[in-house]
1. How many of the residues in the stretch 224-240 are touching a residue at least 60 places away in the same chain (Cβ under 8 Å) and either under 29 Å from Glu79 (Cα atoms) or in contact with a helix residue (DSSP H, G or I) (Cβ under 9 Å, 6 or more places away or on another chain) (or both)?
2. Take the residues of the stretch 336-355 that are free of Cβ contacts under 8 Å to residues at least 60 places away in the same chain and not in a loop (DSSP other than H, G, I, E, B): which is nearest to Asn319 (Cα to Cα)?
3. As an exercise: evaluate Leu283 against (1) assigned by TED's automatic domain parsing to the domain that holds Ala334; (2) under 21 Å from the mean Cα position of the chain (by Cα) and give the number of the one condition it does not meet.
4. Out of Leu24, Leu20, which single residue is modelled with pLDDT under 95, crowded, with 23+ Cβ neighbours inside 10 Å and farther than 30 Å from Ala176 by Cα?
5. Of all residues in the stretch 200-222, which are exposed (fewer than 14 other Cβ atoms within 10 Å of the Cβ) and not aliphatic (A, V, I, L, M)?
6. Show the residue pairs meeting these rules: Cβ distance below 7 Å; 6+ apart or different chains; first residue within the stretch 356-373 and among the aromatic types (Phe, Trp, Tyr); second residue modelled with pLDDT of 85 or more.
7. Of all residues in the stretch 70-97, count the ones that are small (Gly, Ala, Ser) and under 13 Å from Thr33 (Cβ atoms).
8. Taking the stretch 241-257 as the region of interest, how many residues are touching a strand residue (DSSP E or B) at 6+ places or on another chain (Cβ under 8 Å) and either in contact (Cβ under 8 Å) with a residue 12 or more places away in the chain or under 11 Å from Thr208 (Cα atoms) (or both)?
Amino acid sequence: MQKIVIVGGGAGGLELASRLSRTLGRKKQAEITLVDRSRTHIWKPLLHEVAAGVIDKHSDGVDYAIHAAAHHYRFQLGEMCSLNAQAQTITLSPLIDEEGTQVLPEREIHYDQLVLAVGSVSNDFGTPGVAEHCYFLDSLKQAERFHRALLNQLIRINQQEDKDARIDVAIVGAGATGTELAAQLHHVANLSKAYGMPDMSASRLKITIVEAGERILPALPERIANSARKALHKLGVDIKEQTMVAEADAKGLITKGGGRIDADLMVWAAGVKAPDFITKLALFETNRANQILVDKQLRSSSHKNIWVLGDCCGFQQENGKWVPPRAQSAHQMADIVAHNITSLFTQKDTKDFTYKDYGSLVHLSKYSTVGSLMGSLSNSSMFIEGRLAKLVYVSLYNMHQFAVHGKIKGALKLLVKKLSQAISPKLKLH
């Protein structure tokens, strides 16, 4: 039986495992294995909400082992450390628990078809002090780590007799993650008043967004950026555009011009790259963002039985632009890779990948949602905001749920989540 191994259970990897399991796995035409270093999947666009504490991984996440048992594929907990393309094997590092005890030894997994969907990590561009003093939001573990630090700061300020004391938060990077996190933190500071912190409110939270480019949300249309900036200003968020961070220390950020931004909490959201270990493998052609270069069908340019999708995939379009590392890109790539791998078994024609930009949305907590619809939905970019934008934003998450669980189970999951939200606390306190 052919062995298909998928490394990375993010938006693209988990959707691909789900699709292949419903066809090749169910029919026992292939043995499908998903590898991930985490036990739980959270849709990456929601990580800033985990960090703020407005969603819980137990209600919004997917347990890989349970999902695998119900969907005709295998799950291996672990992190890939090496790849032997000639022998067609990957090696997983030993699994070590929090006490330093080895749970599983180094393991080797054979594949006939390998899919790399290892996602991306924050790119600090080698800025001194960032790795030591800033929080990143590129994994569930890091989002939870920031959330614990945020709770500690909220408790600290609430207990202080000096009612003018405040929490200073600096967010580097004014893309979707940075701007959405700022709005969620403002919301959480007000929410905490109802959860045992009567002296806490957003008035005691100072949020600064630092952006090196000319404006916030540089990858999105200017009208969206202007609307988001206006909403953030209403919340009292200080936005510093055209400001480059030169260094970070324990007490804040130092800008290239020599200025200082004091901060109790610092978040680095200024760009992403594929993990460095990809280039260290010395097996693939890569671009400046460490992404693996692929052909039109999303196979590695150097190994035809290795497929790549999601943030680690370097696909250059005919206009010269790289497909952006976004959830909708991973979703579209998972569709094509699922079709192409299945075609190898059914002897049907494979398809070339064509990226379709359906627009962009920025959800600023309960305060505002703005975006644009593009592609087949409109001949040109159509600006949307308010309830319509929020509805479209929610529908993107719903599409992911349907892709992962199927339409019936996906709909039931969304219903359960809705009921849970009605009776659960609005702020996670642990």
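The values are calculated or read from the model by the stated rules, or taken from the named source; none is laboratory data. What you are looking at is a predicted structure, and each value in this text was computed from that prediction instead of being measured. Cβ atoms come from the backbone with ideal geometry, glycine included; neighbour counts cover every protein chain shown.
1. Of all residues in the stretch 224-240, those touching a residue at least 60 places away in the same chain (Cβ under 8 Å) come to 224, 227-228, 231-232, 234-235, 239.
Next, from what is left, pick out any that are either under 29 Å from Glu79 (Cα atoms) or in contact with a helix residue (DSSP H, G or I) (Cβ under 9 Å, 6 or more places away or on another chain) (or both): 228, 231-232, 235, 239.
Residues meeting the conditions: 5.
2. Taking the stretch 336-355 as the starting set, the residues that turn out to be free of Cβ contacts under 8 Å to residues at least 60 places away in the same chain are 336, 339-340, 343, 346-355.
Subsequent filtering for residues that are not in a loop (DSSP other than H, G, I, E, B) retains 336, 339-340, 343, 346.
Working: Ile336: 20, His339: 25, Asn340: 24, Ser343: 28, Thr346: 33 Å.
Only one residue fits best here, namely Ile336.
3. Single failed check for Leu283: (2).
4. Leu24 is the lone residue from the list that is modelled with pLDDT under 95, crowded, with 23+ Cβ neighbours inside 10 Å and farther than 30 Å from Ala176 by Cα.
5. As a first pass, look at the stretch 200-222 and keep what is exposed (fewer than 14 other Cβ atoms within 10 Å of the Cβ): 203, 214, 219, 222.
Scanning the stretch 200-222 gives Ser203, Glu214, Glu222.
6. Partner pairs satisfying both residue conditions: Tyr358/Gln328; Tyr367/Ala183; Tyr367/Ala231; Tyr367/Leu235.
7. The first filter runs over the stretch 70-97 and keeps only residues small (Gly, Ala, Ser), leaving 70, 78, 82, 85, 87, 93.
From what is left, the residues that are under 13 Å from Thr33 (Cβ atoms) are 78.
Qualifying residue count for the region: 1.
8. First, pick out the residues of the stretch 241-257 that are touching a strand residue (DSSP E or B) at 6+ places or on another chain (Cβ under 8 Å): 243-248, 251-256.
If we keep only those that are either in contact (Cβ under 8 Å) with a residue 12 or more places away in the chain or under 11 Å from Thr208 (Cα atoms) (or both) as well, we get 243-248, 251-253, 255-256.
Within the stretch 241-257, residues that are touching a strand residue (DSSP E or B) at 6+ places or on another chain (Cβ under 8 Å) and either in contact (Cβ under 8 Å) with a residue 12 or more places away in the chain or under 11 Å from Thr208 (Cα atoms) (or both) number 11.
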